[in-house]
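Chemist: One structure coming up, written as structure tokens, with questions to follow.
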Amino acid sequence: MPRADYDLLVVGCGLFGCVVAHEAVKAGLRVLAIDRRNHIGGNCYTERMEGIDVHVYGPHIFHTSDESIRNYLGQFGNLKSCSVQVMANYQDELYHLPFNMSTFRDLWGCGTPAEAHAILEAQRVPCVSPRNLEDYALSLVGRDIYERLIKGYTEKRWGKPCSELPQSVMRRIPLRFTFDGSFFYDAYQAVPEDGYTAMFERMLEGVEVCLGVDYLQERERLSRIASCVVYSGAIDEYYDYCFGPLEYRSLHFDHNVLDEENHQGCAVVNYTDAAIPFMRCVEHKHFVGRKSDRTVVSYEFVQPWCPGIEPYYPMEDDENRARYDRYRDLAVKESNVFFGGRLGDYRYYDMHETVEAALATVSTILSLRRSRQG
Ligand code: FAD
């Protein structure tokens, strides 16, 4: 049999694909990485505007408590620690997120954790077995927080009333009885000092990269040139939606350069009122405290997804999980194609989870190669 040109074809140059490609080259494999977009980095991609690294597909803060994952990404550039401040805007009133003593003070004027506990207790709507997200949120945080800070935002994000959403779409509702305003709990919270794109460029050193190439459009030719494929595109699209499309939510972004130094005073403001059409406004310079006379802000809008537009958030409810399982049953029967990443696994992965999953995939591929060769 003729030898293939590459040992590995990586489909998708997002975080998952770049980690796989980097590790495979390090292990001596000949690797081709492709992406149908015209840039690397997937949704983590950043672009320099006015000297500021703009998170083109939404704000990305790397956070983990796992030192080995932090060190892994740290080898590709300086990760600048940042404790991102997120505010909520509800009808022009600003509140701190996640819900903490500053939020409780602004909502109810209470000054001590004991007062906040007492008010929350009085507001909660007890529910032994919540049937949906609304029941769950009301039982946990009560009516004020639910109606002002959760309901409108969540309904915009998922395009359904909270009373029709499963509790599982919201991973958790953190309540902090301190004035700690950092958004994540993890020990390490950072963004690459010179932007994600530079980090991905370093990751892809030694990898042959072809951009603007859609694997599914040229599947036969591309499959012939490599002996193994790692596919980080959408699993339902790979199988031509044979069990029907999986549901996603899509996004679009409106990026603006403003002739002012500081527009909103923090990196992210969530707009929690359903009447405001966008979800959040991101002011990128605040991630690393970049100095510049001008600023760049991005408005993030959620839109319904249909095949042909970019999928962002998988709708991880029972119906979609069951449909995904049918695709997964096909995927595990493939002998030389490995699926992964947020689209391949149909799962919302944070970046640290994506890195872990990619390292596990590449380790499986390398040990299979060793057993086949040996
Ligand atoms: P992607 O980044 O989507 O990369 C997949 C790539 O595959 C894409 O570039 C796509 O073009 C390409 N592709 C798809 N199909 C094909 C095909 N047929 N042919 C060729 N190429 C193809 N995580 C955090 O830890 N912190 C955050 O703050 C955070 N914020 C986020 C904000 C938003 C708005 C979103 C959507 C996600 C956020 N995440 C965050 C999650 C983070 O984006 C993911 O963990 C990570 O990007 C997943 O990487 P990936 O490679 O699996 O997917």
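The values are calculated or read from the model by the stated rules, or taken from the named source; none is laboratory data. It should be emphasised that the depicted structure is a prediction, and the values quoted were computed from it without experimental measurement. Backbone-built Cβ (ideal geometry, glycine too); neighbour counts: all protein chains shown. The area values use the complete protein model at the heavy-atom level, side chains included, leaving out ligands, DNA and RNA. Shrake-Rupley method; radii C 1.70, N 1.55, O 1.52, S 1.80 Å.
Chemist: If I take every Cα pair under 8 Å that is 6 or more residues apart in the range 1-159, average their sequence separation and divide by the length, what percent do I get for the relative contact order?
Modeler: Here the relative contact order equals 10 percent.
Chemist: Which percent, nearest 5, of DSSP beta bridges in the chain are antiparallel?
Modeler: 65
Chemist: At 7 Å along Cα-to-Cβ for each site, give me the label-to-label distance between residue 348 and residue 217 in nm.
Modeler: With each label placed 7 Å out from Cα toward Cβ, I get 3.1 nm.
Chemist: Label residue 178 and residue 292 with points 7 Å out from Cα along Cα→Cβ: what is the distance between them in nm?
Modeler: 3.4
Chemist: Between residue 325 and residue 243, what length comes free when the chain is fully extended (0.36 nm per residue of separation minus the Cα-Cα distance, one decimal in nm)?
Modeler: 28.5 nm
Chemist: For residue 97, what accessible area in Å² do you get when you roll a 1.4 Å probe over the heavy atoms of the protein chains, rounding to the nearest 10?
Modeler: So the heavy atoms of residue 97 present about 20 Å² to solvent.
Chemist: For the chain, with every protein chain kept in place, what is the accessible area per residue (1.4 Å probe, Å²)?
Modeler: 46
Chemist: Next question. Hey, which lysines would be in cross-link range of residue 285, C-alpha to C-alpha under 28 Å, not counting anything within fewer than 8 residues on its own chain?
Modeler: Reachable lysines: 80, 156.
Chemist: Of the accessible area of the range 1-53, with the probe set at 1.4 angstrom, what percent is carbon plus sulfur?
Modeler: 51
Chemist: So which aspartates and glutamates pass the test for residue 333, namely a Cα distance under 18 Å, with those fewer than 8 places away in the same chain ruled out?
Modeler: Leaving aside aspartates and glutamates fewer than 8 places away in the same chain, those within reach of residue 333 are 236, 237, 240, 325, 345.
Chemist: To continue, here is another question. Using Cα-Cα distances under 8 Å and only pairs 6 or more residues apart, what relative contact order does the chain have, in percent?
Modeler: Across the chain, relative contact order equals 26 percent.
Chemist: So between residue 278 and residue 129, what do we pick up on full extension, going 0.36 nm a residue minus the alpha carbon distance?
Modeler: Extra length available between residue 278 and residue 129 comes to 50.4 nm.
Chemist: Additional query: Kindly list the residues of the range 223-265 that lie in the label zone of residue 334, defined by a backbone N under 12 Å from the point 7 Å along the Cα-to-C-beta vector.
Modeler: Output list for this probe position: 223, 228-240.
Chemist: What whole-number distance in Å separates the alpha-carbon centres of the range 6-47 and the range 205-272?
Modeler: Value for the Cα centre distance between the two parts: 12 Å.
Chemist: Using a 1.4 angstrom probe with every protein chain in place, what is the largest-first accessible-area order of 44, 242?
Modeler: My answer, sorted largest first, is 242, 44.
Chemist: In the range 75-228, what percent of the accessible surface is made up of carbon and sulfur (1.4 Å probe, ligands and nucleic acids excluded)?
Modeler: The computed percentage sits at 49.
Chemist: Tell me the label-point distance for the pair residue 253, residue 108, using the 7 Å Cα-to-Cβ offset, in nm and rounded to one decimal.
Modeler: Roughly 3.7 nm, to one decimal.
Chemist: Using only helices, what value at 222 nm comes out for the chain when you add -39,500 (n - 2.57) per DSSP H run of length 4 or more and divide by the total residues, to the nearest 500 deg cm²/dmol?
Modeler: That comes out to -9500 deg cm²/dmol.
Chemist: Hey, another quick one. Give me the lysines in straight-line cross-link reach of residue 151: C-alpha distance below 20 Å, same-chain residues under 8 apart excluded.
Modeler: Cross-link targets: 160.
Chemist: Which shape class, rounded, prolate or oblate, goes with the range 198-352 when its Cα gyration tensor gives a ≥ b ≥ c as root eigenvalues, a/c under 1.5 marks rounded, and past that a/b bigger than b/c marks prolate?
Modeler: Oblate, because a/c is 1.5 or more while a/b does not exceed b/c.
Chemist: Another question, then. From the protein chains alone at 1.4 Å, what is the descending order of accessible area for 253, 179, 287, largest first?
Modeler: 179, 253, 287
Chemist: For the chain, which span is the longest to avoid every loop-located (per DSSP) member of GluC sites (Glu not before Pro) having at most 13 other Cβ atoms inside 10 Å?
Modeler: 1-204
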